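The values are calculated or read from the model by the stated rules, or taken from the named source; none is laboratory data. Here the structure is a predicted model, which means the values were calculated and not measured. Here the Cβ is made from the backbone with ideal geometry for all residues, glycine too, and neighbour counts use every protein chain on show. Only protein heavy atoms, including side chains, enter the accessible area calculation; ligands, DNA and RNA are left aside. Shrake-Rupley method; radii C 1.70, N 1.55, O 1.52, S 1.80 Å.
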Amino acid sequence: MRFILLGYYSVYLIGYHKWTVIKMIRTLKLKGYRGFDSYELDGLTRINLLVGKNNCGKTSLLESINLLVSGGDPIVLEQSASRRGEMNLLADSDLTVRRDNTLDISHLFLGHSLSPGVSFLLSSENNNESVSVEILDMEGLNYDVQRDLFEDEMDSTQTLCLEISRNERDKYPLIPVNDDGSVVIPRYSRSRQRWQKDTPVTPSVQFLAPDSLYPGSMREMWDKVLVEGRESDVIAAMKILDQDIESIHFLTGHYPRMFSDKTGVVVGFRHDTRRLPLGSHGDGMRRLLALSLSLIRTTNGVLLIDEIDTGLHWSIMKEMWQLIVNTACMTNVQVFATTHSYDCIKGFASLVESCPEFAREISIQKIDRSLEQAVNLDAEKIQIAVGQDIEVR
């Protein structure tokens, strides 16, 4: 298995001389999405660190990339709203059980507005990908077929619907929306099955947030590691924190509900016959495990990491970035991460200084919604800024 860089293209050779060419996102445009009227990111690289003040939209940018790479999958909208707590908790109590905690779709649009014609557009010019989401008025629309597909998910009181389009041609079946913005994203309806069958395959994409640090969300990733025989890669990553780590094990037993999210992973150490709980060694250990597993899981895809430095000490920032850049190149992953930490940025600069071959792989994007475009800092500018102690966050 070999990894080769050819210009702006990342090429990954996978057994039997089969080539898969993944065109990385080099540009990103948002129109009308959340807090962005019109905004652009340019000069994106393999590893992109998004910085900026609180509430400048860094997480929104990660979510927009997630939706764009997924081809507009409505489940991504649901996941984004769930992480933010954007649920309609005042939904009509007469609605079915499935609508007890419905997504409030209005927060996806600029100004939190909801009316026919309101829309947002996400696009990347260099790989000709786009996703548009628009609110439509059901009056005058022929949705008899839609009603049959959605079964009981559409009722006569709903006057609005959500239309999701990919590349202006692939359209997800209309999703009914209540006047208050509440909507239930169909997971198992015939409409979703049809859309999944007809839609082109999209790259793997994963959003790594603080709530991704628990064993329950990491087990699937560990299964991929086992199948591919890459346990040693994960152990090598964990040695950044403790050189005595020798093994990691996910337990298969059942645990009380109140503990199930925090138990189930044990770690083996040199000179100790016991296997100790991962949680006994702090959030840093858990965070690093999630990072290394995610990089392997998203092979040939995109990894999005919110608050990448959470739980990690400043002294290992350089080693963390080296792990990420090395693994991302090897597995052909494009990474977008956010941070508020200057130590995290200094680790970025330190890595380039000691490993100049990584210079073309990294960039910092400073996010400021008062501008129309993010400020792009390449490796050289990052080193100058850190060397002269210039504030770039």
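In nm, to one decimal, how far is the Glu380 label point from the Asp180 one, both placed 7 Å along Cα→Cβ?
Output for this residue pair reads 5.7 nm.
What spacing in nm lies between the two simple spin-label points modelled at Asn300 and Thr202, each 7 Å away from Cα in the Cβ direction?
Spacing of the two 7 Å Cα→Cβ label points: 1.7 nm.
Just to confirm, what accessible area per residue do you get for segment 285-393 at 1.4 Å probe, in whole Å²?
Heavy-atom accessible area per residue stands at 38 Å².
At a 1.4 Å probe, what is the % contribution of carbon and sulfur to the accessible area of segment 251-390?
Within segment 251-390, the accessible surface is 50 percent carbon and sulfur.
Using +1 on the beta carbon of Lys and Arg, -1 on that of Asp and Glu, and nothing else charged, what's the dipole of segment 249-393 about the Cα centre, debye to 20?
740
Accessible area of segment 39-89 with a 1.4 Å probe: how many percent of it is carbon plus sulfur?
Here it works out to 41 percent.
Work out from phi, with θ = phi - 60° and the Karplus expression 6.51 cos²θ - 1.76 cosθ + 1.60, the ³J(HN,Hα) of each residue of segment 162-171, listed in order in whole Hz, and give x for Gly and Pro.
10, 10, 10, 10, 10, 6, 6, 9, 7, 10
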